[in-house]
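Visitor: Before I ask anything, here is the structure I am working with.
The values are calculated or read from the model by the stated rules, or taken from the named source; none is laboratory data. Being a predicted model, the structure only gives us computed values, none of them experimental. Note: ideal-geometry Cβ built from the backbone for every residue, glycine included; neighbour counts use all protein chains shown. SASA here: full protein model, heavy atoms, side chains in, ligands and nucleic acids out. Shrake-Rupley method; radii C 1.70, N 1.55, O 1.52, S 1.80 Å.
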Amino acid sequence: MTRNIPNILTVLRLLAAPAIAVFFLLMPRPFADWAALAVFILASLTDYLDGFLARRWQQVSKLGAMMDPIADKAMVVIALAVMVVFSSLSHWILFPATLILFREVFVSGLREFLGDVAGTLKVTKLAKWKTATQMVAISVLIVQGLFEHYFGMWTWGMDYQIVQDILAGTEEDPLGVRHLYNGMIWSTYGAIGLMWLAAALTVITGIDYFRKAAPHLKD
């Protein structure tokens, strides 16, 4: 195994994927959300950093080329599975998450079938944007859960009319309930919109990959 910083970052990103599920299983919320958000953002940043350093330091290796897409897919697939289970938006994100998971499984199987030929089908810029959009969407989903948790915590036990007056601006808001509510609403729309955008890009890149692979599937 080629041991260098880019490959170490890739392996750490791969290990971060199951850690997100462990956080939600073993830690109470919102601590699980904070831990998952921090690890997911740091791991997402290494997706750019490991490739940049490998090219900059001329440390591109077969191990890194093999592990990088696996780490990306593991992060997205596991994080999506966790969000579908724990997010209050699961009803809204289930179908786009299904499209993303279906595409990843389909393309992985296609790559395995093509073998050495799969290496000739280069990753496009749109595919990179697809991955970036998926990671941003998942991050916003985790943030939405945090806003939702703190809004519920600060309004717990409050009279319903008082909460409505605070949100309407006719009552003092020393706890910042209105800001939490606005953050929850905007992150809700943002998470759902980004998930559907990520799903659309995922399907488009999947079709493009299949179209390029089709000549190699003919007898």
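Visitor: Quick one: Trp57 ticks every box in (1) at pLDDT below 90; (2) farther than 21 Å from Thr133 by Cβ; (3) surrounded by 15 or more Cβ atoms within 10 Å (Cβ to Cβ); (4) of a type outside the set (Gly, Ala, Ser) except a single one, so which number is it?
Guide: (3)
Visitor: Sticking with this one: Got a sec? Which of Gly176, Gly193, Gly115, Gly206 is open to solvent by less than 60 Å² (accessible area, probe 1.4 Å), farther than 22 Å from Pro96 by Cα, touching a helix residue (DSSP H, G or I) at 6+ places or on another chain (Cβ under 9 Å) and of a type outside the set (Ser, Thr, Tyr)?
Guide: From the options Gly176, Gly193, Gly115, Gly206, the qualifying one is Gly176.
Visitor: Right, next: So Ala17 passes all but one of these: (1) within 18 Å of Val140 (Cα to Cα); (2) modelled with pLDDT under 70; (3) aliphatic (A, V, I, L, M). Which condition number does it fail?
Guide: Unmet condition: (2).
Visitor: Checking Ala199 against (1) modelled with pLDDT under 85; (2) closer than 20 Å to Ala81 by Cβ, which single condition isn't satisfied?
Guide: The one condition Ala199 does not meet is (1).
Visitor: Which of the residues that make up the stretch 75-96 are small (Gly, Ala, Ser), surrounded by fewer than 24 Cβ atoms within 10 Å (Cβ to Cβ) and either outside any helix (DSSP H, G or I) or in contact (Cβ under 8 Å) with a residue 24 or more places away in the chain (or both)?
Guide: Answer for the stretch 75-96, where residues must be small (Gly, Ala, Ser), surrounded by fewer than 24 Cβ atoms within 10 Å (Cβ to Cβ) and either outside any helix (DSSP H, G or I) or in contact (Cβ under 8 Å) with a residue 24 or more places away in the chain (or both): Ala81, Ser87, Ser88.
Visitor: Within the stretch 9-25, track down each residue that is closer than 11 Å to Phe40 by Cα and not hydrophobic (A, V, I, L, M, F, W, C).
Guide: Arg13, Pro18
Visitor: Do you know which residues across the stretch 152-173 are closer than 24 Å to Pro30 by Cα, outside any loop (DSSP other than H, G, I, E, B) and open to solvent by less than 80 Å² (accessible area, probe 1.4 Å)?
Guide: If the condition is that a residue be closer than 24 Å to Pro30 by Cα, outside any loop (DSSP other than H, G, I, E, B) and open to solvent by less than 80 Å² (accessible area, probe 1.4 Å), then Gly152, Thr155, Val163, Ile166, Leu167 are the ones that fit.
Visitor: Can you say whether Gly176 is free of Cβ contacts under 8 Å to residues at least 40 places away in the same chain and not polar (S, T, N, Q), as far as the supplied structure shows?
Guide: Working: free of Cβ contacts under 8 Å to residues at least 40 places away in the same chain: yes; not polar (S, T, N, Q): yes.
In short, yes.
Visitor: Looking only at the stretch 36-51, how many residues end up being of a type outside the set (D, E, K, R) and surrounded by 18 or more Cβ atoms within 10 Å (Cβ to Cβ)? Show your work before the answer.
Guide: As a first pass, look at the stretch 36-51 and keep what is of a type outside the set (D, E, K, R): 36-46, 48-49, 51.
After this cut, where a residue has to be surrounded by 18 or more Cβ atoms within 10 Å (Cβ to Cβ) as well, the list is 36-37, 39-40, 43-44, 46, 51.
Total satisfying the criteria: 8.
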